[in-house]
1. Can you find, among B:177, A:166, A:122, the residue farthest towards the positive end of the dipole of the protein assembly as shown? Put +1 on the C-beta of Lys and Arg, -1 on that of Asp and Glu.
2. Counting only C-alpha contacts under 8 Å and six or more residues apart, can you give the relative contact order of the range B:57-318 as a whole percent?
3. How do B:269, B:181 line up, fewest other C-beta atoms within 10 Å first?
4. Tell me the Kirkwood hydrodynamic radius of the range A:226-299 in angstroms, computed as one over the mean inverse distance between distinct C-alpha pairs.
5. Net charge near residue B:142: determine it from the other residues with C-beta under 10 Å of the C-beta of residue B:142, scoring Lys and Arg +1 and Asp and Glu -1.
6. Which of these, A:256, A:290, A:178, has the largest mean-square fluctuation under a Gaussian network model of chain A (Cα springs below 10 Å)?
7. Dividing the alpha-carbon radius of gyration of chain A by 2.2 N^0.38 Å (N being the number of residues), what value is obtained?
8. Report the local net charge at residue A:196: Lys and Arg +1, Asp and Glu -1, summed over other residues whose C-beta lies under 14 Å from its C-beta.
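What follows draws every value from the coordinates through simple rules; no lab data is involved. Note that this is a predicted model, so its numbers are computed, not measured. Methodologically, a virtual Cβ is constructed for each residue, glycine included, from the backbone with ideal geometry; neighbour enumeration extends over all protein chains shown.
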Amino acid sequence: MRQVMKIAIAATAAALALTACSSPTATTTSSSAPKTAIKVGMAYDVGGRGDQSFNDSAAAGLDKAKADLGVETKEASAANGESDANKQERLQQLVDAGYTNIVAVGFAYANAVGAAAKANPNAKFAIVDDASDASKGSNIENIVFAENEGSFLVGAAAALKSTTGHIGFVGGVETDLIKKFYAGFAAGAQKVKADIKIDVKYLTQPPDFSGFASVDKGKTAAEGMYQNGADIVYHAAGGSGGGVFTAAKAAGKLAIGVDADQALTAAADVRSVILTSMLKKVNVGVYDFINSVVKGSFTAGVKTFDLKSGGVDYATTGGKVDDIKTKLDDFKQQIIDGKITVPAK
Amino acid sequence: MKTFDWRRVAISVAAPVLAIAVSLLITTLMLVVAGDPVGDVWRVLLKVPLPRQIVQIINEAAILYLSAVAVAVGFRMNLFNIGVDGQYRVASFAAAVFAGQGFLPGWLNIIVSILIAMVCSALWALIAGLLKVWRGVSEVISTIMLNYIATYLVAYFLKMTAVKVEGSNATNTRNIPADSHVPGISVDWLGTPNKIYGLIVLAIIVGVGYWFVINKTRFGYDLRAAGASETAAVASGVNVKRMLVISMGISGALAGLVGMPLLFGQDFHYGDTVQAGLGFAGLAVALLGRNNPIGMAFAAILWGYLDQLSNGLQIGAGVSDRLVLIIQGIIVLSVVIAYELARRAKLRMDERTVGKETGALKAPETKAVAA
């Protein structure tokens, strides 16, 4: 039955494609908080809680709010390749379930947040990584970060620590946002060593966002760079970063984490390879939003988290950058003072 | 068919119903093993959709239906166009770039853009069609590869044509002028401000056209003949290679329509957050609907329903929405198995009928060809 075989092959191919982006199960929490507790809904980007990076950083802010402020929480995450309508439906379902203070994690939610905020004027929204007109409104807070500034510092750290004069960058998906990480990283590295060699690899191209959740792709990309002579690789690839760390460990080289302090959040056996992490304190942004809601001091509009406000930074956990800390802090001060302008693309 | 044979119909309907039942059973077992709340999951998935969800299911189904028909045209010819996914993205991008320029006013812009989408998509599909005819390259392999090429090619050109929106991290083509937006169909009586895509008419036209061409025209007959038995088709004077190229072209042209309701009814640009994977979903819908214009409509609605209701799984049941992908995957596999069983049952039934009519005790071992 050749036809049946062919159908089976086609079906398997389809099934594989459909399930290619695996992700940990979402967590729901029934908190023991009092009945009057403020209810906060969280809509994650692709990868969701458990990516040890971007989404987990947002989750950390939520967890802190739950512990400190006693809010009740509900979480859901995006599927790879879903439409704006699906995102809006997710936000609406959170509102319907009574979670009327909602954090949408990731720029992909821009249109959905704009529409959901209009449809639910009494609910309050925060969106991470977008400040376009599509997501502006009287009940929306736009949380944006100067990722290029933080990346500049880890770029400088990489250049200072590299013995081969050759480093690498692994981006999850080639979007403007991830290119911003690269721009800062390259500028920082070149500031230290003008002729430094930087390998660049983006794991997937939009609209395929699986590059943020493919450990295997991250590993392959980093392996190539290490074999090619790079000795430090910076990743801005969300959940795929775990693969970069695994590759670094196997090669006996170093890697740089992103978003969260990954020397604390990554799998225990690979933490030793993490030189530093570019901290994008999504947790602070998320916590501030929830805190403002609880305190009744919510204000709509753009809130920028940069080096100056401490919204981005580099991590010192593990002590691997202690010897260059003064140099890095000097760069940091120059950026804050406006003596160095970090390119954003 | 001389008289209406209810047993044949029963067998045709039994296969998909059986497949769905089996997949629900397997999913339930899986939930039990994983220790997930079985009751909550089914309560979320099987609840009656809200008005706004109904609208969304219809919208989703319309797109999936277009994708499924594109796949089905190939299936009828025994041709596996797995490249619908790449084809519709190439087409959507080309149409979005053209429509965004606003060279033409209003509806003219829409119509020309849709034609551009169909042509681009057909040309992209023809690469695989011609490779098969000239070089004997399996279209399964070439279309899968072309999907990857399409992704990178479109991403490359998107970077060149994208317009920067202040404060946004998204990469999009220029927005289509407002006079070229297709107005949605209002369903206020349902109790929701959400609108059905105006371009749902494309799905209806394509569905009717598909039924007519396949069943009522010489071309449709040739197509089915070539798909059923190449040698028999050649014997009856059908140029199989020509049919192959034409059907691949049509399949591709229809694939080009998949993204149109989204482009002109919701997004108004092509960007990095465009809905992906519709081609693969179409493959599953075509399989489930047995390439039948009505069957595929039901399958598309089921798929859209599952997609929509899955959104509530995390919120209502605390289970990952990926569960629905597993359910859909199991449905596809069950369907393949169920159809094979149904085909054998039908074959046995035919043999018995033939045996009875010819008076023979046992029917000869002829292999009937699957429809």
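1. Of B:177, A:166, A:122, it is B:177.
2. Once normalised by length, the contact order is 40 percent.
3. Details: B:269 22, B:181 18.
If I rank by nearby Cβ atoms, fewest first, I get B:181, B:269.
4. One decimal place: 13.5 Å for the Kirkwood radius.
5. Surrounding charge for residue B:142 is +1.
6. It is A:178.
7. Relative to the 2.2 N^0.38 Å estimate, chain A comes out at 1.01.
8. With Lys, Arg at +1 and Asp, Glu at -1, the neighbours total +1.
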